[in-house]
1. Going through segment 114-125 one residue at a time, which ones are free of Cβ contacts under 8 Å to residues at least 40 places away in the same chain and β-branched (Val, Ile, Thr)?
2. Would segment 90-113 turn up any residue that is in contact with a helix residue (DSSP H, G or I) (Cβ under 8 Å, 6 or more places away or on another chain), touching a residue at least 40 places away in the same chain (Cβ under 8 Å), of a type outside the set (A, V, I, L, M) and assigned to a helix (DSSP H, G or I)?
3. If residue 56 meets every condition in (1) out of contact with any Asp or Glu (no Cβ under 8 Å at 6 or more places or on another chain); (2) outside any helix (DSSP H, G or I) apart from one, which number is that one?
4. From the set of residues in segment 27-41 that are of a type outside the set (D, E, K, R) and crowded, with 21+ Cβ neighbours inside 10 Å, which is nearest to the chain's Cα centre (by Cα)?
5. For segment 18-49, which residues satisfy the criterion of being touching a helix residue (DSSP H, G or I) at 6+ places or on another chain (Cβ under 6 Å) and among the acidic types (Asp, Glu)?
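Read-outs: derived from the displayed coordinates by stated rules, not from any lab. Source: prediction; values computed, not measured. Ideal geometry is used to build each Cβ from the backbone, glycine not excepted, and the neighbour counts take in all protein chains shown.
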Amino acid sequence: MNIETLVTDAISFTRQHSEWAPYITFLVAFSESMAFISLLVPGWGILIGIGAIVGVSGLDFIPIWIGASLGAAAGDWLSYSIGFRLKGRATQIWPLSRNPEMVAKGQDFCDHWGAWAVFIGRFFGPLRAVVPLLAGIFAMPSIKFQLANISSAFLWAFVLLAPGALALRQYL
């Protein structure tokens, strides 16, 4: 199954089962934000497509947005927790084991920007799932991490869902 088929099938499934849309967006955003799993799931494409479904079908935007936001925050929280528990052993797992320079750059990024690294990293595909893991490995204080995690998750989900939801609703 290729990426295009996965995106199309996920969007079609959501359209057919719109009552499940908040839960589907939770799972998609969780997968997109979870370290290692995010490499396999094209969550951003699926979420943009679901935003378009919201615009075309008139589904309530708020529950879908909350589902995606909570899923993204949960994925990052779990990635942070894995990094915090495994510490340096996490760097021995692929893809970090094959990219030690990425770990060093990630540490520099987290050290320089602090909690802002988590917030900023949410909006850049390659960083999205790695920064929370590295924040855990390098023991960023949990409260700082969670504040950046939750606030960025809500903004990120809005940025992905709202354009399709709002634009298509205005033209129909």
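1. Start the filter on segment 114-125 by keeping residues that are free of Cβ contacts under 8 Å to residues at least 40 places away in the same chain, which leaves 114-117, 119-121, 123-124.
If the condition is that a residue be free of Cβ contacts under 8 Å to residues at least 40 places away in the same chain and β-branched (Val, Ile, Thr), then 120 is the only one that fits.
2. Within segment 90-113 (the criterion being in contact with a helix residue (DSSP H, G or I) (Cβ under 8 Å, 6 or more places away or on another chain), touching a residue at least 40 places away in the same chain (Cβ under 8 Å), of a type outside the set (A, V, I, L, M) and assigned to a helix (DSSP H, G or I)), the answer is yes, since at least one residue qualifies.
3. Failed condition: (2).
4. Our first condition is that a residue be of a type outside the set (D, E, K, R); within segment 27-41, this holds for 27-31, 33-41.
Now restrict to residues that are crowded, with 21+ Cβ neighbours inside 10 Å: 28-30, 33-35, 38, 41.
Details: 28: 8, 29: 5, 30: 6, 33: 3, 34: 7, 35: 10, 38: 8, 41: 10 Å.
Among them, the one singled out is 33.
5. Selection gives 32 alone.
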